[in-house]
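Here the structure is laid out as structure tokens; the discussion comes afterwards.
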Amino acid sequence: MVLDGGMGTMIQQLRLEEEDFRGEEFKEHPCSLKGNNDMLSITQPDAIYEIHKEYLLAGADIIETNTFSSTSIAQADYKLTFDELVEAYSEQVRGLLDGGAEILLVETIFDTANAKAALFAIDLLCGKSYPPTPLFDFAVSGLVNIVGGCCGTTPEHIRSIAKAVEKCLPRQPPKDISPDYLQLSGLEPFKIGPYTNFVNIGERCNVAGSRKFAKLIMAGNYEEALSIAKTQVEMGAQILDINMDEGMLDGPEAMARFCNLIASEPDIARVPLCIDSSNFAVIEAGLKCCQGKCIVNSISLKEGEEEFLSRASTVKRYGAAIVVMAFDEEGQATDSERKVEICTRAYNLLVDKIGFDCNDIIFDPNILTIGTGMEEHNTFAIDFIRATRAIK
């Protein structure tokens, strides 16, 4: 399949003036419209049609709509939230679908969180010359199935590309690349499989587990608190657990603020995050700020199947893995049989009801305190080991 090339480049060649951009439809518009290329789909449809036609005649199989900047925020450089991005992308996607678009292309994005917002919205609604040889090797080796041009390319570029790849076979994606792996990511991928050693999770960014971290967060000193996260990564933490469950804090705001700070520090953001909270609103606030694929810790059947599946569906939509506690409507499981029973029930609900990837499910069989001196607690450790073996 061959994509088309640049739209803006072709429009520039037309040397249109202000009155061309305005047309009859926006003749009295109070602001200048020159340079608003997307507007030409309304005011100069024939010109846009001819550009699309040229690309099709050049050999393109897919033509991109003239909507590169057709969002309510495209010309702005504001401090946008994830929800505002989703709303803007939703507005654009809805218009594209209503207009008959057959493929939605998320492109020219330099922040993966931005791309996640675009994909989230889609899911909610359904210079210098260089040698072409290295790129051509990808095509002849069967590693690509769509090629095309970017800003600056013309029908002549697309004609040459289409001719060069006309005898190349498209890429056939391999099946089950990592069938038994949990695949996470920060800015870098992190795979956990059957032969992975113990995974080091840094838990000092937890207001309930680190007095120093809690004091810094309560004082609003997030920048210094960030140094605790950095130190953990430098000391070998492969995942960072973030918890803001403190009654005196605005949990969602604190979680979002700290996760956004992490995202601005590549040395920290390279590892996946574990968004840890007993409040699902806090969890979702964290999910909106994660650039890669994180872990949610945790959900359970404590409030019944409907709430369990609702929360799991939200986690799935954000593309995260999930920790499931051995806890149901009757309470926390203590013996091995109950642990296995609850985890089995949760697994079947997740996989069969909402299609959750089984590799993205992490079970917590509840390791309980054994040094209480109470006889009924003496088998807690054994029950944990037995349940873990049975669940695996």
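Where a number appears in this text, it was derived from the coordinates with a stated rule and is not lab data. None of these values were measured; they are calculated from a predicted model. Don't worry about glycine lacking a Cβ; one is built from the backbone with ideal geometry, like all the others, and counts go over all protein chains shown.
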Across the stretch 182-391, how many lysine pairs separated by 8 or more positions, or lying on different chains, have Cα atoms within less than 13 Å?
4
Say the dipole of the stretch 182-391 comes from +1 at the beta carbon of Lys and Arg and -1 at that of Asp and Glu; which of Val324, Ser185, Leu350 then lies farthest toward its positive end?
Ser185
Using alpha-carbon positions, what is the distance between the centroids of the stretch 270-300 and the stretch 317-377, in Å?
18 Å
Which label belongs to the value computed from this structure, given these candidates for Cα Rg over 2.2 N^0.38 Å: (1) 1.23; (2) 1.80; (3) 1.07?
(1)
Förster-model FRET efficiency, 22 Å R0, Ile62 and Gln13, C-beta, rounded to 0.05
0.55
For the stretch 41-56, what does the Karplus curve 6.51 cos²θ - 1.76 cosθ + 1.60, with θ = phi - 60°, yield as ³J(HN,Hα) per residue in whole Hz, taken in order and with x for Gly and Pro?
4, 9, 8, 9, x, 5, 5, 5, 4, 5, 5, 4, 4, 4, 5, 5
In the chain, with Lys and Arg counted as +1 and Asp and Glu as -1 at Cβ, which of these residues, Ile295, Ala387, Gly236, has the Cα nearest the positive end of the dipole, that is, farthest along it?
Gly236
Straight-line reach from Lys167: which aspartates and glutamates have a Cα under 16 Å away, not including same-chain ones fewer than 8 places off?
Asp61, Asp137
Under 17 Å from Lys175, Cα to Cα: aspartates and glutamates that are on another chain or at least 8 residues apart
Asp357
Total charge dipole magnitude, the chain, about the Cα centre, Cβ charges on Lys, Arg, Asp, Glu only, Debye to nearest 20:
1260 debye
Listed residue (Met218, Leu104, Ser336) projecting farthest to the positive dipole end of the chain, Cβ model
Ser336
